[in-house]
Amino acid sequence: MSDHGHELAFGGFLTPSAGRPEQVVARAKLCEQVGLDLVTFQDHPYQPGFLDTWTLMSFVAAATSRITLAGNVLNLPLRQPVVLARSVASLDLLTGGRVELGLGAGAFWEAIEAVGGRRLSPGAAVDALDEAIRVIREVWDTERRGMIRAEGEHYRVVGAKRGPAPAHPAEIWVGAYKPRMLRLVGRAADGWLPSLAYLPKGPAELPALHAVIDEAAAEAGRDPGAVRRLLNVTGAFSRSSGGFLDGPPEQWVEELAGLALDHGIATFILGSDEPRAIQLFAQRWRPRSASWSPPSGPRRAAAPAPSRSSRPPSRPAGRPRSWSPPPPIRGYGSARAGSGTSPPGQPRRHRRPGTSTRPGGRPSGSTSWTCTTTCARSSPRCVTCSNRSRAARSPRTPPGPS
């Protein structure tokens, strides 16, 4: 796989849990604080345990100043293309060019149909995505004269006005695995955004999938290098190696280097809600991903593919960015990435091991602590984010809403 010349970038992939909205925002701000380029959120509008992804992205955009935002990936069947195009352009203008569009053809069709969406066959879903991408680009193309007219089978636009245009050339990243979707990526998308955990054979599958994209791009008269290759990754940070992307940070550096050099992956997105995992993931590539270089010496062979049971629930701006170092990490034990999170709507409580908790998540005892590093939750010891050494002791406060 050749190097297509894209700047290396690193990001986070967060669960938009409605049970602890302030925690989701705190994790997104942490991604910016530790120097990641990108923060992304899954999009399941039919899931009542999740925040609406576009509303969350807008809130996080106002709470941050540098980091790029994207859906990973947005659910097209429940998001009308013209409105979606204008939403992306509007938020991009408001943030000064910090928004990209991650887009998917849809899944979980029973849930989509239950909330009023149309159930589509796999082939029809690909056709609908193709039509939608054309409509979105027409909306953004304000230099072209005339109204937008599209007589598609799934999306019909008759005389809509163009605009607004995004503040920067916003990219469309598509999550795809099957040949028809991969060919669509090659001829129409700006980026390919799969999850490594969805590939049964792991990295060994990447060359064949890249080849389909490259061939479709060439047939469409495009440079295959115009398609950015992104990848959602999961694993665990631990003191000893337990497999692919399961070990100390140095092992992660070596294995991600292999994915970049051997498979042309330019953007790595960590699927994890654990603050320590986010910090460790960013630690090896700070202050900015552009300064990263692969380790010297021979790389070990890739380990077996990650288990499918660890599946995650997807171009960052290239301008220079400021950065400040995160708080020091005092050991990492076994920080899980992409696992250990609570079910939707049931966020983990912050507690000291071995103590009971009152309703609202406040622990029993004569004192309370407040985590001052990441989550700012009251707790004797913040088990959820593991900030034991940076907790500030304070007088006990009466139980209240968590």
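Within region 92-99, can one find any residue that is under 22 Å from the mean Cα position of the chain (by Cα) and assigned to a strand (DSSP E or B)? Yes, some residue in region 92-99 is under 22 Å from the mean Cα position of the chain (by Cα) and assigned to a strand (DSSP E or B). Inspection of region 32-55 identifies at least one residue that is outside any loop (DSSP other than H, G, I, E, B), among the polar types (S, T, N, Q), assigned by TED's automatic domain parsing to the domain that holds ALA111 and surrounded by fewer than 18 Cβ atoms within 10 Å (Cβ to Cβ). Annotation for region 6-18: at least one member residue is among the acidic types (Asp, Glu) and within 30 Å of HIS210 (Cα to Cα). Within region 188-207, does at least one residue satisfy the condition of being over 25 Å from GLY71 (Cβ atoms), of a type in the set (A, V, I, L, M) and in contact with a Pro (Cβ under 8 Å, 6 or more places away or on another chain)? The answer is no, given that none of the residues of region 188-207 is over 25 Å from GLY71 (Cβ atoms), of a type in the set (A, V, I, L, M) and in contact with a Pro (Cβ under 8 Å, 6 or more places away or on another chain).
Are any residues in region 209-257 among the acidic types (Asp, Glu), in a helix (DSSP H, G or I) and either buried (at least 18 other Cβ atoms within 10 Å of the Cβ) or at positive phi (or both), and if so, which ones? Working first, answer last.
Within region 209-257, the subset among the acidic types (Asp, Glu) is 214-215, 219, 223, 246, 250, 254-255.
Then drop every residue that is not in a helix (DSSP H, G or I), which leaves 214-215, 219, 250, 254-255.
Across region 209-257, the qualifying residues are ASP214, GLU255.
The values are calculated or read from the model by the stated rules, or taken from the named source; none is laboratory data. Note that the structure is a prediction, hence the values are computed from the model and not measured. So basically every Cβ, Gly included, is an ideal-geometry build from the backbone, and we count neighbours across all protein chains shown.
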